[in-house]
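Report on the structure given below.
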Amino acid sequence: MNTIPRSRSRFSFPWLSTAILAAAAVPCWSAPTAAPTAAPVAPAAQAQFGGQCTEALAEGRHVMTSCAVQWRDQDGKIYCFNDAAAKALFLKNPAENLRRAHDFIAASSVASTEQEMQYFDGKDAETLVTRVIEDKLRANGGTFPLIDPQNGEHLQLAFDGIDFTRTLDGYGFFPDVKFHDHAQPQKRYLIDFWVAPERGQLALQEIRIYKTPLFEDGRWKMMERQPIPWWWIPASEHPGKLAVKRGWEVMSAVERHALRTSALHGGVFKLKDDKTGKELLLKFVDTHQPIRQLDANGHYFACTDFRVVGTKDQIYDIDFWIDDKNGRMTVDQTKVHKVPEFKDGRWIQVPRYEWKDLGSSHLVP
């Protein structure tokens, strides 16, 4: 993970619900291997979770260790255990136990996560993003590689600089970065990098295309990609705790869930088709607007687009039901809404049902 350590303290005005952040936390980690690698014992300061027992975290407990009992994953990350028995229990299912540990850390540090933003500012986020981009440029002959999630196109981009950085208290920083096509400089892009604090460091959460080139009236222009990333929606919101959820908060919960689930499978969102039983291998593209709330049970309802892995134009419409439980938004149900079918020489989406079939609902602003 690309990170930048905590730097300075500054006064801030956090205003968004901390429970939303916990519900949508995105654990960024690589799936561990089943066998530890031989390595010298490292101090707890170098370990994940600050040296806490990883198995205890998976069980919902905070237990500090001396880190005498350790395990390293395939990326060299160090995990500590209170004793050999805890380590053995963890290794029975390391991927699942590590996911549970990350979830517990996120849920048990809601307030502190929001407060951590006071130690950073937009310049810190820009420093991290610049470093990430420069590392990619060095590794790829001077170009920044990026796969367009909407069509699967492999973009080769040239870096033009950071335009500006937005701050959304309680969620993080969003540097807006200027690029152009490496072979055609007139084709320009604006790409958002989402950066948020995690355990005392800034970490890159997601990269999302915001504006893309469009050839119109004999020249290249930039247009906003639709739907726009959820973090642009609350720009006009008035600061202050919101008594009711906004559409962008629901979108945030859905997209964090999609990213977290995909992270468990190497970036692939795996979903069992509720009609055919087939396992779908998908890549997240976008969440639709508007968001609706069902009148019958208060659940929020969001439609999303997922592209079939390895294709450019086979798009599934996947519906998510989101419940607000004690201030924490969680995905309760996932269902295939529209499926791609090849007709008349192109892929189209064919609906299995209409959202109106779910009963009365109203728009969420």
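The values are calculated or read from the model by the stated rules, or taken from the named source; none is laboratory data. Because the structure is predicted, anything quoted here is derived from the model rather than measured. Neighbour counts are summed over all protein chains in view; Cβ atoms, including those assigned to glycine, are modelled from backbone coordinates with ideal geometry.
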(request) Output the residues belonging to the range 265-312 that are polar (S, T, N, Q), within 18 Å of TRP347 (Cβ to Cβ) and surrounded by 13 or more Cβ atoms within 10 Å (Cβ to Cβ). (result) THR304, THR311
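Yes or no, residue by residue, for (1) within 24 Å of ARG260 (Cβ to Cβ); (2) in a strand (DSSP E or B); (3) assigned by TED's automatic domain parsing to the domain that holds GLU153:
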| site | (1), (2), (3) |
| --- | --- |
| CYS303 | yes, yes, no |
| GLY310 | yes, no, no |
| TYR316 | yes, yes, no |
| MET329 | yes, yes, no |
| GLN333 | yes, yes, no |
| LYS356 | no, no, no |
(request) Looking at (1) buried (at least 18 other Cβ atoms within 10 Å of the Cβ); (2) in the same structural domain as ALA196 (by TED's automatic domain parsing); (3) at pLDDT 95 or above, find the lone condition where LYS87 falls short. (result) (2)
(request) Within the range 318-347, count every residue that is surrounded by 12 or more Cβ atoms within 10 Å (Cβ to Cβ) and over 18 Å from ASP273 (Cβ atoms). (result) 8
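Conditions tested, residue by residue: (1) among the aliphatic types (A, V, I, L, M); (2) modelled with pLDDT under 85; (3) buried (at least 18 other Cβ atoms within 10 Å of the Cβ).
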{"site": "ASP163", "(1), (2), (3)": "no, no, no"}
{"site": "ARG166", "(1), (2), (3)": "no, no, no"}
{"site": "PHE174", "(1), (2), (3)": "no, no, yes"}
{"site": "ILE191", "(1), (2), (3)": "yes, no, yes"}
{"site": "GLY200", "(1), (2), (3)": "no, yes, no"}
{"site": "PRO213", "(1), (2), (3)": "no, no, no"}
{"site": "LYS221", "(1), (2), (3)": "no, no, no"}
(request) Residues being loosely packed, with under 13 Cβ neighbours inside 10 Å and either of a type outside the set (A, V, I, L, M) or outside the structural domain of ASN97 (by TED's automatic domain parsing) (or both): count how many of those fall in the range 62-76. (result) 4
(message) If I ask for residues that are modelled with pLDDT of 95 or more, part of a loop (DSSP other than H, G, I, E, B) and buried (at least 16 other Cβ atoms within 10 Å of the Cβ), which ones from the range 101-149 would you list?
(response) THR143
(request) Please work out if THR3 is within 30 Å of LEU168 (Cβ to Cβ), at pLDDT 65 or above and either of a type in the set (Ser, Thr, Tyr) or in the same structural domain as ALA253 (by TED's automatic domain parsing) (or both). (result) yes
(request) Can you tell me which residue within the range 262-301, out of those that are in a strand (DSSP E or B) and free of Cβ contacts under 8 Å to residues at least 12 places away in the same chain, is farthest from MET251 (Cα to Cα)? (result) GLU279
(request) Look at HIS257 and say whether it is out of contact with any Pro (no Cβ under 7 Å at 6 or more places or on another chain), closer than 25 Å to GLN48 by Cβ, at pLDDT below 90 and not hydrophobic (A, V, I, L, M, F, W, C). (result) yes
(message) Need the failing condition index for ILE318 against (1) touching a residue at least 60 places away in the same chain (Cβ under 8 Å); (2) closer than 23 Å to ARG99 by Cβ, just the number.
(response) (1)
